[in-house]
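Asks: Sharing a structure with you now.
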Amino acid sequence: MANIYEKYFNKEKKRIAVLLDPDKHTAESASIIAEKIEKSPADIILVGGSMVNNSVPDIVDAVKKQTSKPVVLFPGGGAQVCAQADALLLLSLISGRNPEYLIGEHVRSAMHIHNIGIETISTGYILIDGGIPTSVQYVSNTMPIPSGKTDLVVSTAIAGEMIGMRNIYLEAGSGAIRPVEHDTIHAVSEVSSLPIMVGGGLKSMSAIEKAFIAGADIAVVGTAIEKNPDFFKR
């Protein structure tokens with residue numbers, strides 16, 4: 001697939017993305033879920049996580065055999081980059097102050113990404129407190145922005161856009177008790193021209209709809225799918 005960013009990461013249509021964590025799946029289980037996703041309202045399949053020990057290429061291959069939807073890498077580090085996917089979210093943890101996740105991992109994987117020629121979507125990743133400690137917080141050794149600090153989230157998103165990010169991701173964390181506040185989503189959407197992804201704590205279609213109404217362009221569902229592969233049938 002070509003031009004994933006232009007086709008799927010825009011403000012023209014609300015979209016749902018499903019996040020598959022390779023550490024929680026084998027190629028076989030990912031294939032089963034991908035088959036269900038193919039028949040669902042989801043538009044994009046993301047593959048990646050904070051701590052990946054399983055083979056990302058095998059997971060991506062298994063998923064792509066079951067779906068016509070774009071498979072986009074969501075890597076927690078350069079070791080998760082592979083050529084089999086359709087595109088790559090090049091995540092920079094702009095809410096943190098750990099240089100490894102702002103630029104370090106990017107430098108280490110830059111030539112590999114360049115050589116495989118995968119479409120790369122630079123993404124400003126903003127971690128917001130979702131009520132529980134998350135894997136991202138632990139692995140990256142960075143603190144989330146406190147929930148309710150809307151002005152700080154907005155300033156971070158604007159800074160990300162100014163330095164050239166093409167996409168903003170507001171993340172409450174996997175299995176969050178509370179999702180990103182709607183006022184925060186709305187405030188960012190009011191000032192940013194970039195597509196806004198929102199993830200963490202979206203446990204129902206109603207929660208997804210509310211995120212869309214607040215201003216999200218792409219809602220990301222992860223833990224809810226892991227707990228119930230028939231999530232979209234409810």
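Computed from the coordinates by the stated procedures, all read-outs in this text should not be read as laboratory data. Keep in mind that this is a model prediction, so the values were computed, not measured. For neighbour counting, all protein chains shown are included, and Cβ atoms are generated from backbone atoms with ideal geometry for every residue, glycine included.
Asks: Grab the beta carbon distance between S193 and H112, set R0 = 22 Å, and tell me the FRET efficiency rounded to 0.05.
Replies: 0.10
Asks: Where in the range 112-136 is the amide nitrogen less than 12 Å from a point lying 7 Å along the Cα-to-Cβ axis of A83?
Replies: 112-118
Asks: Pull up the cross-link candidates among the lysines for K7, meaning alpha carbon to alpha carbon under 24 Å and not fewer than 8 places away within one chain.
Replies: Partners found: K36, K39, K64, K65, K69, K210.
Asks: Could you give the dipole magnitude of the range 4-229 about its Cα centre, charging the beta-carbon of Lys and Arg +1 and that of Asp and Glu -1, in debye to the nearest 20?
Replies: Using only the charged Cβ atoms, the result is roughly 260 debye.
Asks: Which one, V220, C82, P57, projects farthest toward the positive side of the charge dipole computed for the chain from Cβ point charges (K/R +1, D/E -1)?
Replies: Towards the positive end, the residue furthest out is V220.
Asks: At a 10 Å Cβ-Cβ cut-off, how would you order I163, I44, fewest neighbours first?
Replies: I163, I44
Asks: Mean residue ellipticity at 222 nm from the helices of the chain, using -39,500 (n - 2.57) per DSSP H segment of n ≥ 4 over the full residue count, to the nearest 500 deg cm²/dmol?
Replies: -10000 deg cm²/dmol
Asks: What is the distance in Å between the Cα centres of the range 196-234 and the range 5-21?
Replies: Here the answer is 12 Å between Cα centres.
Asks: Going by how many other Cβ atoms sit within 10 Å of their own, how do H112, H106, H25 line up, fewest first?
Replies: The most exposed by this proxy come first: H112, H106, H25.
Asks: Cα atoms only, the range 4-229: Rg and Dmax in Å?
Replies: 15.9, 44
Asks: Amide H neighbours of N167 under 5 Å, at least 5 residues apart or on other chains, H built in the peptide plane: list them.
Replies: G124
Asks: Okay, moving on. Order the peptides 27-36, 83-92 from the highest to the lowest mean number of other Cβ atoms within 10 Å of their residues.
Replies: The most tightly packed comes first, giving 83-92, 27-36.
Asks: Fewest to most neighbouring Cβ within 10 Å: what's the order for E161, E105?
Replies: By the 10 Å Cβ count, ascending, the order reads E161, E105.
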